[in-house]
Amino acid sequence: MSLIRPVDRPPVHLRLARDLSRSIRRGHPWVYAESLREIPKVPAGSRAVLLDYKHNREIAKGYVDPNSPIAFRACTSDEKDRLDDRWARRQFDRAYRLRKALFRNPFSRDGSARDQIEGAAPVDDIAGRPNLTTGFRLFHGEGDGLPGLVVDVYGDVAVIKLDGPAATTFWQAEGIAEWLMQATRVKAVVQRERDRGKEARVIAGELTEAAVPFLEYGLKFTADVLHGQKTGFFLDQRENRALIRKLSYNRRVLNLFSYTGGFSIAAGVGGAQHVTSVDVAEPAIEVARQHWELNELPASQHEAIAADVFDFLAEAKKAGHRWEVMVVDPPSFAPSQESLTRAIASYERLFGMAAELVSASGLLAVASCSSHLRDQQFLEICEESLSAARRRGRILTFNGPPADHPAPLALREFRYLKFALMQLD
């Protein structure tokens, strides 16, 4: 089956309204609607050839979305390329090879350690557990030269997510599922829709349970691939969880916006004295409890609380509570450029309230997943937040997305994740 939907019409021609040729040839794959002279009335996902604004020379091939601010997504700027299955397979293979280099034998039938260890000596962590990972991003859209296509792998299940109607029309989900079943060792493929109102569906293989087990550096988790946020888990915080794991030994840790407890489990396995998980969603908190138990951690060393984080922090301040390590990983406060000003104020308020409750010489980790917020703006938010809390801090590390979430160098918008770890005075 085809990886790209077959077409019965020639590609449409789009002409730039201003000179973006250099940017596109350097790897920026997006052209916004206002940068095109006109947008033809064609179905979303139609093949398109982008022409420069002066000489009608071809710059890139891709597909068009007349109803999106991003009206054109470039797949290739090589005139020799044809947008066909041969091109797609070449991109798939390149992404596949990168993940095999990043994660030791990552495709296992059951997400267990046994298949991972074969042929390679495991690197043990401080808790003596094999350093194995079976949850990762296989295809990261534009970052892998696959515009609009995301595939995450959890143990023996792959999840496809297409970014809107144009990507859904351009890519052939069933064909991609067939490729995944053949090229990897997954036994089921799920398709998730960008629209949260639409049901996920199994398009290949058989899914025995929605909560799919997988490993992250030896830690045991599950991902709800049918109903969970994103594709079931926040894979992009993997390396930051590993960092918190190293720094939590014998410390009291607070994990805010904990979701299903990723940072909490990492801290617990890292030897934390006690961990508190807080999230407004009771179902997520219940899964955090299950993950704690799944990793055979002492129940007395974990408290999982379903509460509004701002309310929790206000009450904790009144009670005089303090934590040696605090993680603040909120949902995006800036889903659009128009909401950015309000979002900055919310981040400053949240991070300031958190900073007040960090012990002297303690660690505060804060994050944002908003692509509209630039790195420098985020660091300024950190500075303003600490100032409002009458604290001073030192940046220990400032991280972006991990290596299985690559981004074109020319596409700053794709480097959405920001994670700052600070030591407070």
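The values are calculated or read from the model by the stated rules, or taken from the named source; none is laboratory data. These figures come from a predicted structure and were not determined experimentally. As a convention, Cβ positions derive from the backbone with ideal geometry for all residues, glycine included, and neighbour counts pool all protein chains shown. The protein model used for the area step is the full one, side chains on, heavy atoms only, and it has no ligands, DNA or RNA in it. Shrake-Rupley method; radii C 1.70, N 1.55, O 1.52, S 1.80 Å.
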**OP:** Keeping to the range 356-376, report how many residues are over 24 Å from residue 234 (Cα atoms) and either open to solvent by less than 10 Å² (accessible area, probe 1.4 Å) or among the polar types (S, T, N, Q) (or both).
**Re:** 5
Original post:
Among the candidates 42, 31, which residue alone is open to solvent by less than 40 Å² (accessible area, probe 1.4 Å), aliphatic (A, V, I, L, M) and closer than 20 Å to residue 143 by Cβ?
Top reply: 31
Subject >> Residue among 114, 109 that alone is among the basic types (Lys, Arg), exposed (fewer than 15 other Cβ atoms within 10 Å of the Cβ), part of a loop (DSSP other than H, G, I, E, B) and at pLDDT below 65 >> reply: 109
Original post:
Looking at 19, 81, which one is open to solvent by 20 Å² or more (accessible area, probe 1.4 Å), out of contact with any His (no Cβ under 8 Å at 6 or more places or on another chain), in a loop (DSSP other than H, G, I, E, B) and within 24 Å of residue 176 (Cβ to Cβ)?
Top reply: 81
Original post:
Of these, 93, 65, which one is closer than 17 Å to residue 4 by Cα, modelled with pLDDT of 95 or more, in contact with a Gly (Cβ under 9 Å, 6 or more places away or on another chain) and among the acidic types (Asp, Glu)?
Top reply: 65
**OP:** Filter the range 133-152 down to residues that are in contact with a Ser or Thr (Cβ under 9 Å, 6 or more places away or on another chain), open to solvent by less than 10 Å² (accessible area, probe 1.4 Å) and touching a residue at least 60 places away in the same chain (Cβ under 8 Å), then give me how many there are.
**Re:** 4
Original post:
Out of the range 167-188, which residues are under 21 Å from the mean Cα position of the chain (by Cα) and in a helix (DSSP H, G or I)?
Top reply: 167, 168, 173, 176, 177, 180
Original post:
For residue 246, are the conditions met, namely being open to solvent by 60 Å² or more (accessible area, probe 1.4 Å) and closer than 23 Å to residue 361 by Cα?
Top reply: yes
Original post:
Which one of these does residue 51 not meet: (1) in contact with a Phe, Trp or Tyr (Cβ under 9 Å, 6 or more places away or on another chain); (2) free of Cβ contacts under 8 Å to residues at least 60 places away in the same chain; (3) open to solvent by less than 50 Å² (accessible area, probe 1.4 Å)?
Top reply: (1)
Subject >> Looking only at the range 336-349, and only at residues there that are under 22 Å from the mean Cα position of the chain (by Cα) and not hydroxyl-bearing (Ser, Thr, Tyr), the one that is surrounded by the fewest Cβ atoms within 10 Å (Cβ to Cβ) >> reply: 337
Original post:
Within the range 210-233, is even one residue over 30 Å from residue 418 (Cα atoms), touching a residue at least 12 places away in the same chain (Cβ under 8 Å), open to solvent by 40 Å² or more (accessible area, probe 1.4 Å) and part of a loop (DSSP other than H, G, I, E, B)?
Top reply: no
Subject >> Pairs, first over 21 Å from residue 167 (Cα atoms) in the range 14-37, second β-branched (Val, Ile, Thr), C-beta under 6 Å, six or more apart >> reply: 21/59
Original post:
Hey, does the range 189-198 have a residue that's aliphatic (A, V, I, L, M), surrounded by fewer than 24 Cβ atoms within 10 Å (Cβ to Cβ) and at pLDDT 95 or above?
Top reply: no
Original post:
Residues in the range 234-241: is at least one open to solvent by 40 Å² or more (accessible area, probe 1.4 Å) and in a strand (DSSP E or B)?
Top reply: no
**OP:** Mind listing whichever residues of the range 42-66 are outside any loop (DSSP other than H, G, I, E, B) and of a type in the set (A, V, I, L, M, F, W, C)?
**Re:** 48, 49, 50, 51, 59, 60, 64
Original post:
Before we move on, is residue 207 open to solvent by 30 Å² or more (accessible area, probe 1.4 Å) and touching a residue at least 40 places away in the same chain (Cβ under 8 Å)?
Top reply: yes
**OP:** Could you check the range 256-335 for strands (runs of 3 or more DSSP E) lying wholly inside it with 3 or more residues that are open to solvent by 30 Å² or more (accessible area, probe 1.4 Å)?
**Re:** 302-306
